[in-house]
1. Could you work out the local net charge near residue B:354, counting Lys and Arg as +1, Asp and Glu as -1, over the other residues with Cβ closer than 14 Å to its Cβ?
2. Taking the Cα centre of the protein assembly as shown as origin, work out the dipole magnitude from +1 charges on Lys and Arg Cβ and -1 charges on Asp and Glu Cβ, in debye rounded to 20.
3. Select from segment B:609-626 all residues whose loss of accessible area on going from the chain by itself to the full protein assembly reaches 10 Å² or more (probe 1.4 Å).
4. Just name one of B:320, B:467, A:67: the one whose Cα is farthest towards the positive end of the charge dipole of the protein assembly as shown (beta-carbon charges, Lys/Arg +1, Asp/Glu -1).
5. List the chymotrypsin sites (Phe, Trp or Tyr not before Pro) in segment B:457-510 that DSSP assigns to loop (not H, G, I, E or B) and whose Cβ has at most 15 other Cβ atoms within 10 Å. Which are they?
6. Kindly rank B:76-87, A:50-61, B:309-320, B:346-357 from highest to lowest mean number of other beta carbons found within 10 Å of each residue.
7. In degrees between 0 and 90, to the nearest 10, how far off the longest principal axis of chain B does helix B:208-221 point, with axes built from Cα atoms?
8. Looking at the protein assembly as shown only, what percent of DSSP beta bridges run antiparallel? Nearest 5 please.
Amino acid sequence: MKNLKLYIVRALILFLTTALIACQAPKDKTPGWTSDSGEVRPGPNTGKAVLALLNKARQASKKGSLSAAESHLERAIRIEPDNPTLWLYMAKLRLYAEKPSEAINLAKKALALSGRGGQTSIASQHSLQSDCWRVIAHAQQKMGNLKDAQTAQDKAKSLSY
Amino acid sequence: MKKKSPVRRKKKRAAKKSSRRRINKKLQNLPYMRIFLSLLLIFISYVIYLDFEVRSQFDGRKWSVPARVYARPLELYIGKPLSHEQLRFELKTAGYRDTTNNNKAGYYQKSGNSYRVVIREFDFWDGHQPPRYVEIKLEDGFVSNVTDFRDHTDIAEVRLEPSLMGRIYPSHREDRLLVKLRDVPEHLISALLAVEDRQFYSHYGVNPKAILRAMVANIKAGSVVQGGSTLTQQLVKNFFLTKKKSLVRKFNEAIMSLLLEMHYEKEEILQAYLNEIYLGQDKKRAIHGFGLASRFYFDKPVYNLELSEIATLVAMVKGPSYYDPWRHKKRNLDRRNTVISLMQQQGSITAYQAKIAKAEPLKVLARSNKISSSYPAYMDLLRRQLQQDYQKEDLTSEGLQIFSTFDPYVQKIAEQAVKQKVNQLDKQNNLNGSLQSSVIVTNTNNADVLAVVGDRQPTYAGFNRALDALRPVGSLIKPAVYLTAIQQKNTYSLASIIEDKNITLKAQDGKLWSPRNYSGESHGEIPLFKALISSYNQATVRLGLSLGFESIVKTLRNLGIQRDIPPYPSMLLGAVTMTPLEVTQMYQTLSGEGFITPLHTIRKVLTAKGEPLKHYPVKIQQTIDETSVRILNSALHEVTRHGTASSLRWRLPENLKVVGKTGTTNDARDSWFAGFSGEHLIVTWLGTDDNQPIGLTGSSGALPIWADIMKKIRTRPFSFAYDEKLEYHYVEETKGYIVDEDCSSAAYLAFRKNAAPKDNGTCIK
């Protein structure tokens, strides 16, 4: 009788542990990469509408709804297509959605746009570019291109102060 | 729901078969009985077949609901370029009505520069937008304020719900809006039963009395003149059978009606009837069901219909064309009042209600409201893109909601420009109406296709030239040659000197080929940019030959051209055929500064219930370094200032910077212009279908249409990229020397850092 009780208690503990593990959200395997990395710093010239949409995108991505986040971001890009922050954010979402090659191209677009208008300070341009290279580094790593990942990582480092 | 399971039916069938076998043995010696039994067997088999038909079709009835295609929603936020004219157009297109004092969704009122709009609620792909009470203020062509006019709070961004711009029909072009029986007003049911089938709730699918009455009438007349059909029979007729009147069909109809009633509840049959019945025609579109008819004739949901409106619709069941309320007003009115009288007789309305309803005039919409716009060229492109992901049947019957990138305002402007200018140019050049045109407008930043015109009569759904006219592109190809040069950064800059001299080559047919410049003159040694902006043929051929075909074909690939390019010298001058859509893709990559984005018309597809089916995410790929493209674009900007398109300096407002390239083919058979602002890319083409000379160059034909559109759509000007890798200089056009910025004839050009010309020159006035 006592054995049976012990058995039930053990089984219950085992079950609860398994359930707890199963309920946890799947973790991203890239070191240092979490859903919070989706945070972006919009530039000083970002309009109210875009800020509101960025906020919506952030809320959606926190809830894990990447496609809703992308939809909000697409609207933001339609309003401010030259805003590199938005493209960088999009790149981050794709990286998080396990689409590294798309992430690389979007990050390159953000790079191409950074400083295009020439109004922002060199420091903030470099900080954004550094973020872009970091996304590219992560994406290259995911794709198994370790050498390219290292090159991108080095560029990211050289641009951050 | 169903009254019998298939398993039970099979068992029964098996039992019947074995019992028949026993009887057959016993009655071997009775030939008449055998014949009778054989016939009975055939009859039973036939009924079983019909039973199968009825049930499989009714159960799996996929209401054929065409996919609905929505235009892009209008975004409203502070700083949005928006004119009064455009806002009013957008409101009208989305079905908003001007009012003086009505705070109901779907209405707006204007006072001064402000518009109070009650935006209808809408389920967008990214969430529900409740009704919004929005005040929009316009100043100097921009939105200067967006607030909630009830609580006076600021609104950062809000969307007008998108207008329905098209539907994708099956070949029979049935259209309907499904209704649930519980949403249908009681009066509609009672009217329908009073007129069409009083014994609906008591008969078994067929009403023998009514049939007998009809038969007598038909025999007397010698042909089929009267129907004794119940609603069930009418439904069966519409569902399963052909329109032809024959005895066999009548027989089938009766059996199938009985079977339908056996298996299904009255309510199910009634609901199916309400959605199936044919109630009118809108050109090629067939209006089916009370849900859509209610929208079509009264612009109301069915549950808001008033008694007299209900009677008008029920009146039309007997013959939608004969009782058409627009064409035969009196006829419909008389029939409508008969319906009302019948309702009163049946006790479903009082004498007083009947009197009031009969006194009302016909309340159908003004006829002009019902004619829906059609955009055949755009829909054609959208359909082709959809067919890559969907079966045709799914598109025409599943009621999908397709959110497109279509911009109704840009489309309107493009259509107007084509209609006006093509007529005018056709007359000027005595082309007897044969001059044709196509226009494509896209967003430079995300490759949204905003507008497509495929015919000089834009609503004509025939040959779609924007997609299918395969024409030589002429000088439109030249930017690919110069871009190839610019990419060789150690060899070429925009100021590099190249030669514009006679040249003779062996063409593909073995004959000698000596390209000439448009003016007939050669210009000797000139800077690279000058050859591009003035579109010199000899210089381009010489440059192309030194670069090699392979590298130029590679550039074309990187610009998004997938078609095979013949490696002949004449290719360098655009003896390559492409469709306007392909040209647009090529220039899209230039406007995207080296990033390819496939042109697309679809943003999102949802199911009929609003569940997301497919997202079409932004897809970009960098194929050319942005610096090279930026350098090229600075030269293409000069095309519009000092080059072949310099008329744009007076055609467009001064601050509207654009870039572009003209294209003219041999003997002026094709006139092209492709170019973009900071927001819109437009490609215009002119020519005739039988490839006749039209007497127009790119700058005298396609350019004015292009400019007309660019001027009228609100667009951001093209802007130069000032980044770390580039420097800009004013350059004169003879030697490529740097000059002062006050030199008005000088070109403003981009160079790689430290690769600008070293020599300073004097300004040539």
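1. Counting the neighbours of residue B:354, the net charge comes to +1.
2. Roughly 5880 debye, rounded to the nearest 20.
3. B:615, B:617, B:618, B:619, B:620, B:621, B:622, B:626
4. Selected residue: B:320.
5. Filter output for segment B:457-510: B:460, B:463.
6. So the peptides B:76-87, A:50-61, B:309-320, B:346-357, ranked by packing, come out B:309-320, A:50-61, B:76-87, B:346-357.
7. So the inclination is approximately 80 degrees.
8. If we restrict to bridges inside the protein assembly as shown, about 90 percent are antiparallel.
The values are calculated or read from the model by the stated rules, or taken from the named source; none is laboratory data. Bear in mind the structure is a predicted one, so any value in this text is a computation, not a measurement. Virtual Cβ from ideal backbone geometry, glycine too; neighbours counted across all protein chains shown. Please note that ligands, DNA and RNA were not included when accessible areas were found on the heavy atoms of the full protein model with its side chains. Shrake-Rupley method; radii C 1.70, N 1.55, O 1.52, S 1.80 Å.
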